[in-house]
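A.B. asks: For reference, the structure I am asking about is given below.
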Amino acid sequence: MLPRFRTATYLSIITALWCWVLTAGYTIWKFGYVDGYLELGEIPFNPTIPITYLTLFMLTIGAFGVTFVVGIIATMVSPPRWHLWAVLAAWCIGAGVAAIDVSFLFLDHGGGTWLPHEALRATFFHPIVTPFWIILGLAGTASLTRPLRTD
């Protein structure tokens, strides 16, 4: 039981860190540079939040937490040959939750009546870069976790 838990923990930590770093980088690029919030220094709807690189990085901390929890549960209950699918699903879920969370923060009007997919499409999604972000995230997860998976 202990080796299975240790493997699940390592797989989840690697996947969660990769998800967090990649989602934070995408957030810094999209909201910091493309949308210009780093230059502006604040969010127009909520000017009490200063926007810096660290702020944008910390706004995506949910990517780490959600990915870790989903990853450790999925790899603990799945057979070893399915660990790749478990960590890929964990990356997708964690990145999606963080993307939706950040999307609502950068709506100019607060977005109280918006559904999650509407906020995601309005602020986070980029037609060219977002698919590459997802592909890089999944490919990186598969590559980084390969030494620990026993397929």
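The values are calculated or read from the model by the stated rules, or taken from the named source; none is laboratory data. On a predicted model such as this, the values are computed, not experimentally measured, just so you know. Note that we place each Cβ from the backbone using ideal geometry, even for glycine, and neighbour counts take in every protein chain shown. These accessible areas exclude ligands, DNA and RNA; they are computed on the full protein's heavy atoms, side chains included. Shrake-Rupley method; radii C 1.70, N 1.55, O 1.52, S 1.80 Å.
A.B. asks: Is there a residue in segment 61-68 that is among the hydrophobic types (A, V, I, L, M, F, W, C) and in contact (Cβ under 8 Å) with a residue 60 or more places away in the chain? Please lay out each step first, then the result.
C.D. replies: If we filter segment 61-68 for residues that are among the hydrophobic types (A, V, I, L, M, F, W, C), which is where we start, we get 61, 63-64, 66, 68.
Then drop every residue that is not in contact (Cβ under 8 Å) with a residue 60 or more places away in the chain, which leaves none.
No, every residue in segment 61-68 fails to be among the hydrophobic types (A, V, I, L, M, F, W, C) and in contact (Cβ under 8 Å) with a residue 60 or more places away in the chain.
A.B. asks: Right, something else. Within segment 40-58, is there a residue that is more than 16 Å from residue 100 (Cα to Cα), open to solvent by less than 20 Å² (accessible area, probe 1.4 Å) and not basic (Lys, Arg)?
C.D. replies: Filtering segment 40-58 for residues more than 16 Å from residue 100 (Cα to Cα) gives 40-55.
Still in the list and also open to solvent by less than 20 Å² (accessible area, probe 1.4 Å): 43, 51.
Okay, now just the ones that are also not basic (Lys, Arg), so 43, 51.
Yes, segment 40-58 has at least one match.
A.B. asks: Looking at (1) surrounded by 14 or more Cβ atoms within 10 Å (Cβ to Cβ); (2) touching a residue at least 24 places away in the same chain (Cβ under 8 Å), which one does residue 125 not meet, given that it meets all the others?
C.D. replies: (2)
A.B. asks: Output the number of residues of segment 31-59 satisfying the condition of being touching a helix residue (DSSP H, G or I) at 6+ places or on another chain (Cβ under 7 Å) and farther than 13 Å from residue 106 by Cα.
C.D. replies: Result for segment 31-59: 2.
A.B. asks: OK, next. In segment 28-46, what count of residues is obtained for those that are of a type in the set (Ser, Thr, Tyr) and in contact with a Phe, Trp or Tyr (Cβ under 8 Å, 6 or more places away or on another chain)?
C.D. replies: First pass over segment 28-46, keeping only residues of a type in the set (Ser, Thr, Tyr): 33, 37.
Among the residues that remain, those that are also in contact with a Phe, Trp or Tyr (Cβ under 8 Å, 6 or more places away or on another chain) are: 37.
Looking only at that region, the number is 1.
A.B. asks: Restricting attention to segment 113-122, and to residues there that are in a helix (DSSP H, G or I) and crowded, with 16+ Cβ neighbours inside 10 Å, which single residue is modelled with the lowest pLDDT?
C.D. replies: Residues of segment 113-122 in a helix (DSSP H, G or I): 116-122.
Cutting the leftovers down to crowded, with 16+ Cβ neighbours inside 10 Å gives us 119-120.
Details: 119: 84, 120: 88.
Among those that are in a helix (DSSP H, G or I) and crowded, with 16+ Cβ neighbours inside 10 Å, it is 119.
A.B. asks: Right, something else. So, of the residues in segment 70-83 that are out of contact with any helix residue (DSSP H, G or I) (no Cβ under 6 Å at 6 or more places or on another chain) and touching a residue at least 12 places away in the same chain (Cβ under 8 Å), which turns out to be least open to solvent (accessible area, probe 1.4 Å)? Steps first, please.
C.D. replies: Residues of segment 70-83 out of contact with any helix residue (DSSP H, G or I) (no Cβ under 6 Å at 6 or more places or on another chain): 73, 77, 79-82.
Restricting the remaining residues to those that are touching a residue at least 12 places away in the same chain (Cβ under 8 Å) gives 80-81.
On the way: 80: 53, 81: 153 Å².
Result: 80.
A.B. asks: Filter segment 1-34 down to the residues that are open to solvent by less than 70 Å² (accessible area, probe 1.4 Å) and of a type in the set (D, E, K, R) and list them by number. Please lay out each step first, then the result.
C.D. replies: Looking only at segment 1-34, we keep the residues that are open to solvent by less than 70 Å² (accessible area, probe 1.4 Å), and these are 7-9, 11-16, 18-20, 22-28, 30-32.
The answer is 30, and nothing else.
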